[in-house]
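K.L.:
Dropping a structure here in structure tokens format, bear with me for questions.
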Amino acid sequence: MNRIEQKFRELKTKNKKAFIAYIMAGDPNLKTTYELVLELERRGVDIMELGVPFSDPIADGPTIQKAGLRALRNKVDLKDILNLVKQLRKRTELPLVLMSYLNLIYCYGIERLIKEARDKGVDGMIVPDLIPEEAEDLLKIAKANEFSTIFLASPTSTPERIKKIAEASTGFIYYVSLTGVTGTRDKLPAGLREAVLKIKEITPKPVCVGFGISQRKQVEEILKFSDGIVVGSAIVEIIERNINKPDLVKKVGIFVNRLSG
Amino acid sequence: MLPDKKGYFGEFGGRFIPETLVYALEELEDEYNKAKRDKKFQEELDYYLQEYAGRPTPLYFAKNLTQFLKGAKIYLKREDLLHTGAHKINNTLGQALLTLRMGKKRIIAETGAGQHGVAVATVAALFGLECVIYMGEEDINRQALNVFRMKLLGAEVRAVNAGSRTLKDAINEALRDWVTNVRTTHYCLGSVVGPHPFPMLVRDFQAVIGKETKSEILKQEGRLPDYLIACVGGGSNSIGLFHPFFKNRQVKFIGVEAGGWGLSSGKHAATLEKGKVGIFHGSKSFFLQEKGGQIKLAHSVSAGLDYPGVGPEHAYYKKIGRAEYVSVTDKEALEGFKLLSKSEGIIPALEPAHAIYYVTKLAPRLSQDKIIVICLSGRGDKDVEMVSKILSGM
């Protein structure tokens, strides 16, 4: 059992839900990312997603696009991020997940990446432009290495597809709350609760909801029916607003603390 | 016949997209498969291709150019004579009819040179669809005339400021729109790129170019040509010409990519010569990319070729050796542009001007009984202003 599965087991016994935070690795630099991960763990984050910057992030809205550009200006790549995780592992057992577009993984070599990532302490990955049907090789390698593969389900996924997605997912299933790209929204989409409950009828695996979440009351609402939530753009916006300020890490920590409750 | 069920041409192709879009791609694939078997759909498409777009287009023997080059006989497949001025309308008519069949009321598209954008805006006007076109800001500057045409046709043109502000970024933005409005919107992709079924579907709609060419050359020459030559950006006009000749092994295919400032300059769009295999914009194919997999910026004087990827079927043709891919620089393309204008009284678009220049090198090396067909994929009106600027600056 890897750290993600352990975490969900632990949360379940405590009757708690997972708060998952996303930040772009290398935004504004790797040293800050290192400090942010440790700070956010102290502030109640259960699982950390580290974004890998890509030139053409088609599933992301403007906030994360800009964060990616900032990281790319620092020439941050997968190798740097794996090394960052290695450093973090000296200080924390927080479950760490990579969120990367497929071409970066493909160019690195799928097997090489999964093995190195696992060795350095990464627990799994989310690939927004990969669907289970195209993931045969990756799934085999991930399974052999006890590396979690978290697939996305969306409002347009049919029950048959949800089944496939649930089968291929280890750790948890990432439910995309809306049809759209990442980014904060004022309102939760209609029918979210029903959609999540439907997935939970199909699979016993944890279902976490992401995309569009930025307010405490949204978090509270979603945690009533899901196993966890993912917050990305809202956190990245705080980072963006506090770039070059000495108390960036603290400010992000306070914000996340307020969200996670 | 390729692609296989999962949309692969050999190892290339597939469907690499966010989960939200799977539903729309399956819907499109199902509708297309139904339409293909529906005689009415085919008749309707044929009607519009003939009465509205102006098909069949002539296969014109370029006598002056042939005499000037003193070699193989050169024929031009005159896609430039189509309504809207380029081959793009073949595909947009087909996809617009599919959009209507799917009951969708909104159509979006990316455009580079603006030819595809104009062709989409045109069919949107014709069939009463709401239309949004994404176009890189750099391209908006280079192709002001086409931007104005799209607006006249009732489309909204949205400028894309991200990245290289060209075709690649316009596709990113169109994909983001599609993910958001997937239930009501059809994404009318303009080339043989993207996730399955687009490379197959766009090829099938463009294959009318090759099918007509085949019967026309048989009528005029009594035999098949020796060479088919076309420019390759994403690769839709070239696949359209090549595909119906796939099994005619004696017919050689040459795809001409944009060499930009030269292949060693790094400023080019020669994906098949200089790119590496990767997975981007929905399919596995060749892409211009950094070692770590970041997508590079392409460069070409012609906006329609300025794309760092290429359709998976071309990647397959290259891999199995069915087609040869070469490149022609910006400067050489301008030579081709001027030569065809002067010798035949036909001003080509800068995209096929690449193919024309290549033929000026190839034809003289061949004997006079050989036959070359060039796909003249579009007319040059859209480029005249920019070419005049370049020539006066040179």
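K.L.:
With a bin width of 10 angstrom, please list the P(r) values of segment B:12-132 as percents of all Cα-Cα pairs, from the 0 bin to the one holding the largest distance.
P.N.:
It works out to 12, 32, 32, 15, 8, 1, in whole percents.
K.L.:
Let me ask something else about it. What translational diffusion coefficient, to the nearest whole µm²/s, does segment A:171-221 have by Stokes-Einstein, given a Kirkwood radius computed over alpha-carbon pairs, a temperature of 25 °C and 0.890 mPa s viscosity?
P.N.:
Values: Rh = 11.6 Å.
In µm²/s, the coefficient is 212.
K.L.:
Beta carbons within 10 angstrom, averaged per residue: use that to sort the peptides A:52-58, B:357-363, B:308-314, highest first.
P.N.:
B:308-314, A:52-58, B:357-363
K.L.:
How many Cβ atoms of partner chains, on average, are near each residue of A:52-63 if near means within 10 Å of its Cβ? Numbers along the way, then the final one.
P.N.:
Values: counts 2, 1, 5, 15, 13, 3, 14, 9, 2, 2, 2, 0.
Mean shielding count: 6.
K.L.:
On a straight-distance basis, which lysines could pair with B:Lys5 in a cross-link, Cα separation under 19 angstrom, same-chain partners fewer than 8 positions away excluded?
P.N.:
Within the straight-line cut-off, B:Lys5 pairs with A:Lys164, B:Lys34, B:Lys36, B:Lys284.
K.L.:
Then there's this: With only alpha-carbon pairs counted, each pair once and no self-pairs, how large is the Kirkwood hydrodynamic radius of chain B in angstroms?
P.N.:
On the way: mean 1/r = 0.0487 Å⁻¹.
It is 20.5 Å.
K.L.:
What do you reckon, how do B:His243, B:His83, B:His116 stack up by accessible area (1.4 Å probe), largest on top? Let's see the in-between values first.
P.N.:
On the way: B:His243 30, B:His83 75, B:His116 10 Å².
In descending accessible area the options line up as B:His83, B:His243, B:His116.
K.L.:
OK, next. Roughly how many percent of the accessible protein surface of segment A:3-260 is carbon and sulfur, given a 1.4 Å probe and a whole-percent answer? Show your work: numbers first, answer last.
P.N.:
Details: 5300 of 10660 Å².
Carbon-and-sulfur percentage of accessible area, whole number: 50.
K.L.:
Follow-up question, since we're still on this one. Which whole-number percent is the relative contact order of chain A (Cα, under 8 Å, 6+ apart)? If you can, show how the numbers build up before the last one.
P.N.:
On the way: 482 pairs, mean separation 58.3, N = 261.
Once normalised by length, the contact order is 22 percent.
K.L.:
Using the heavy atoms of the protein chains and a 1.4 angstrom probe, tell me the accessible area per residue for segment B:10-60 in square angstrom. Walk me through the intermediate numbers first.
P.N.:
Numbers: 2480 Å² over 51 residues.
Value returned for segment B:10-60: 49 Å² of accessible area per residue.
K.L.:
Measure off 7 Å from each Cα along the Cα-to-Cβ vector at A:Glu220 and B:Phe127, then give the distance between these two points in nanometres to one decimal.
P.N.:
Going by the 7 Å Cα→Cβ label model, 4.9 nm.
K.L.:
Count, for each residue of B:284-291, the Cβ atoms from other chains sitting within 10 Å of its Cβ, then give me the mean as a whole number. Present the calculation step by step, with values, prior to reporting the outcome.
P.N.:
Values: counts 4, 0, 0, 2, 0, 4, 3, 3.
The per-residue average across the peptide is 2.
K.L.:
Still on this structure: Could you check the simple spin-label distance between A:Arg193 and A:Leu69, using points 7 Å along Cα→Cβ, in nm with one decimal?
P.N.:
Result: 4.0 nm between the two label points.
K.L.:
While we're here: Checking an interface number: how much accessible area is buried between B and A, summed over both chains, with a 1.4 Å probe, in Å² rounded to 100?
P.N.:
Numbers: alone 15370 and 12280 Å², together 24870 Å².
So the buried area, both faces added, is about 2800 Å².
K.L.:
Moving to a separate point now. What part of the accessible area of segment B:280-394, given as a whole %, is carbon or sulfur when the probe is 1.4 angstrom? Please report the intermediate quantities before stating the final value.
P.N.:
Numbers: 2120 of 4180 Å².
It is 51 percent, rounded to a whole number.
K.L.:
Taking a label point 7 Å from the Cα of B:Glu156 along the Cα→Cβ vector, which residues of segment B:109-132 have an amide N closer than 11 Å to it?
P.N.:
Once the point is set 7 Å along Cα→Cβ of B:Glu156, B:130-132 turn out to lie under 11 Å by backbone N, inside segment B:109-132.
K.L.:
So which lysines pass the test for B:Lys151, namely a Cα distance under 25 Å, with those fewer than 8 places away in the same chain ruled out?
P.N.:
Within reach: B:Lys88, B:Lys104, B:Lys105, B:Lys168, B:Lys382, B:Lys389.
K.L.:
If you build the Cα gyration tensor of segment B:286-394 and take the root of 5 times each eigenvalue, what three semi-axes come out, in whole angstrom, biggest first? The partial results should precede the final answer.
P.N.:
Values: eigenvalues 131, 92, 25 Å².
One finds semi-axes of 26, 22, 11 Å for segment B:286-394.
K.L.:
Mind checking the full-extension length gain between B:Tyr47 and B:Asp4? Use 0.36 nm per residue of separation minus the Cα-Cα distance, one decimal, nm.
P.N.:
12.5 nm
K.L.:
How far, in degrees from 0 to 90, does helix B:330-344 lean away from the longest principal axis of the Cα atoms of chain B, to the nearest 10?
P.N.:
Roughly 70 degrees between the two axes.
K.L.:
Compute the length gained on full extension between A:Ile243 and A:Lys16: take 0.36 nm times their separation in residues and subtract their Cα-Cα distance, giving the result in nm to one decimal.
P.N.:
78.4 nm
K.L.:
Do any residues of segment B:12-51 show a loss of at least 50 square angstrom of accessible area between the isolated chain and the full protein assembly, using a 1.4 Å probe, and if so which?
P.N.:
B:Phe16, B:Pro18, B:Glu19, B:Thr20
K.L.:
Semi-axes, largest first, in whole Å: what does sqrt of 5 times each Cα gyration tensor eigenvalue give for segment A:3-260?
P.N.:
Values: eigenvalues 120, 98, 62 Å².
Equivalent-ellipsoid dimensions as semi-axes: 24, 22, 18 Å.
K.L.:
With runs of 4+ DSSP H residues as the only contributors, calculate the mean residue ellipticity of chain B at 222 nm using -39,500 (n - 2.57) per run, divided by the residue total and rounded to the nearest 500. Intermediate values should be presented prior to the final figure.
P.N.:
On the way: 16 runs with 174 residues, N = 394.
Helix-only estimate at 222 nm: -13500 deg cm²/dmol.
K.L.:
At 1.4 Å probe size, with the rest of the protein present, what percent of the exposed accessible area of segment B:1-64 is carbon and sulfur atoms? Before the final figure, lay out each step's value.
P.N.:
Working: 1670 of 3380 Å².
Here it works out to 50 percent.
K.L.:
Looking at segment B:4-63, which trypsin sites (Lys or Arg not before Pro) are in a loop (DSSP not H, G, I, E or B) and have at most 15 other Cβ atoms within 10 Å?
P.N.:
B:Lys5, B:Lys6
K.L.:
Go ahead and estimate [θ] at 222 nm for chain A from helices alone: -39,500 (n - 2.57) per DSSP H run with n ≥ 4, summed, over the residue count, rounded to 500. The partial results should precede the final answer.
P.N.:
Details: 12 runs with 125 residues, N = 261.
After summing the helix terms and dividing by residue count, I get -14500 deg cm²/dmol.
K.L.:
Next up: Measuring with a 1.4 Å probe in the full set of protein chains, what accessible area per residue, in whole Å², belongs to chain A? Don't skip to the answer; put the middle values down first.
P.N.:
On the way: 10870 Å² over 261 residues.
It amounts to 42 Å² per residue over chain A.
K.L.:
Hey, with R₀ at 60 Å, roughly what FRET efficiency would A:Gln6 and B:Lys219 work out to, going by the Cβ-Cβ distance, to 0.05?
P.N.:
Values: r = 74 Å, r/R0 = 1.23.
The formula returns an efficiency of 0.25 here.
K.L.:
List the trypsin sites (Lys or Arg not before Pro) within segment A:186-261 that DSSP assigns to loop and that have no more than 13 neighbouring Cβ atoms inside 10 Å. Intermediate results must be reported in sequence, preceding the final value.
P.N.:
Values: sites: A:Lys187, A:Arg193, A:Lys198, A:Lys200, A:Arg216, A:Lys217, A:Lys224, A:Arg241, A:Lys250, A:Lys251, A:Arg258; in loops: A:Lys187, A:Lys224.
Answer by residue number: A:Lys187, A:Lys224.
K.L.:
Express the Stokes-Einstein translational diffusion coefficient of the protein assembly as shown in µm² s⁻¹, to the nearest whole number, given a Kirkwood radius over alpha-carbon pairs, 10 °C and a viscosity of 1.306 mPa s. Walk me through the numbers before you get to the answer.
P.N.:
On the way: Rh = 25.8 Å.
My calculation gives 62 µm²/s for D.
K.L.:
Still on this structure: How many times 2.2 N^0.38 Å is the alpha carbon radius of gyration of segment B:246-329?
P.N.:
Taking N as the residue count of segment B:246-329, the ratio is 1.08.
K.L.:
While we're looking at this one, here's another question. What FRET efficiency comes out for the pair B:Phe148/B:Gln250, r = Cβ-Cβ distance, R0 = 45 Å, nearest 0.05? Write down the numbers at each step before the final one.
P.N.:
Numbers: r = 45 Å, r/R0 = 1.01.
Step by step, r from the Cβ atoms, then E = 0.50.
The values are calculated or read from the model by the stated rules, or taken from the named source; none is laboratory data. Here the structure is a predicted model, which means the values were calculated and not measured. As a convention, Cβ positions derive from the backbone with ideal geometry for all residues, glycine included, and neighbour counts pool all protein chains shown. Heavy atoms of the whole protein, side chains included, go into the accessibility calculation; ligands, DNA and RNA do not. Shrake-Rupley method; radii C 1.70, N 1.55, O 1.52, S 1.80 Å.
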